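Asks: Structure incoming, see below.
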Amino acid sequence: MSRAKLVVVAAMAIVAISALASASASALPEFLPTTTKAKFTSTSGPGTLETSAKEQINCSADTNEGQILSATTFDVTIKFTGCKAFGIANCSTTGAASGELVVKATATLGYLSKTAKTVGAKLNVTEFEFTCAGGLVKGKVKGAVIGQLTPVNKKTKTGELILKQTGGENEFQHFEGEATLSKLESSKNGGAFELAGEETTDSITFLEEITLDA
């Protein structure tokens, strides 16, 4: 092969690699700038975790702190307050104040609909236990839940994470093109885990302007 042909082949290979890298980079929604490690806080009003058996864990509010870890991931610590479960008040996780559930989660971004430019966050919840009324009732929660993130394609310091559920099943259970379902589960007093859905809307404030690029 002549030197000229080798140059052409090499150039074509570089273009092809660049195209693949670009396609890979745009395969998921992402936070921009990608170098940001922006911290954020968020708050919500009342929230409900409902099981498929129609039992509920209710909290009057939550306050959260988190940080973007990469273009497509973040972590968050959630403090639910005013919590009761299965009709019993004063529920708390270990080390928390009465009525407080402190929950940790890591999250990844994904498309709920790439065509419609709707973006979700999948929160992988670290399994946690809680007790109510000094141990009268005990519970566990584990799994993952997907909510919609807004706004997209707008440079801003504010946003929302919206979770909706019906009968213990969340509105979104997987990202577009993903076969594996993401579900929360709850157990009462050592019993079997049941499907559970979370409903709440969190108002997010970033400490620096970011764009959720879709």
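Asks: Considering the values [x] 148; [y] 177; [z] 111, which represents volume of the Cα convex hull per residue in Å³ as calculated for the structure under consideration?
Replies: [x]
Asks: Between 141, 196, 31, whose Cα lies farthest towards the positive end of the dipole of the chain when Lys and Arg beta carbons carry +1 and Asp and Glu beta carbons carry -1, centred on the Cα centre?
Replies: Farthest along the dipole direction, towards plus: 31.
Asks: Okay, next question. Expected output is a single nm value to one decimal: the length gained when fully extending between residue 189 and residue 153, i.e. 0.36 nm times separation in residues minus the C-alpha distance. What is it?
Replies: Going from the current span to full extension adds 8.5 nm.
Asks: Sticking with this one: Can you give the angle from 0 to 90° between the axis of helix 3-25 and the longest principal axis of the chain, with both taken from C-alpha atoms, to the nearest 10?
Replies: Tilt of helix 3-25: around 20 degrees.
Asks: Can you return the aspartates and glutamates within cross-link range of residue 54? Criterion is Cα-Cα under 16 Å, with same-chain partners fewer than 8 residues away left out.
Replies: 169, 185, 194, 198, 199
Asks: Charges at C-beta only: +1 for Lys and Arg, -1 for Asp and Glu. How large is the resulting dipole of the chain about its Cα centre, in Debye rounded to 20?
Replies: For this selection, approximately 600 debye.
Asks: Something else now. Can you give the FRET efficiency for residue 117 and residue 164, using 1/(1 + (r/R0)^6), R0 = 22 Å, r = Cβ-Cβ distance, to the nearest 0.05?
Replies: The calculated FRET efficiency here is 0.70.
Asks: Using 0.36 nm per residue of separation minus the Cα-Cα distance, give me the extension gain between residue 209 and residue 89 in nm, one decimal.
Replies: 39.3 nm
Every read-out reported here was derived from the displayed coordinates using simple, explicitly stated rules and does not represent laboratory data. Please read these numbers as outputs of a predicted model, since none were measured by experiment. When we count neighbours, we look across all protein chains shown, and the Cβ atoms used for this are built from the backbone with ideal geometry, even at glycine.
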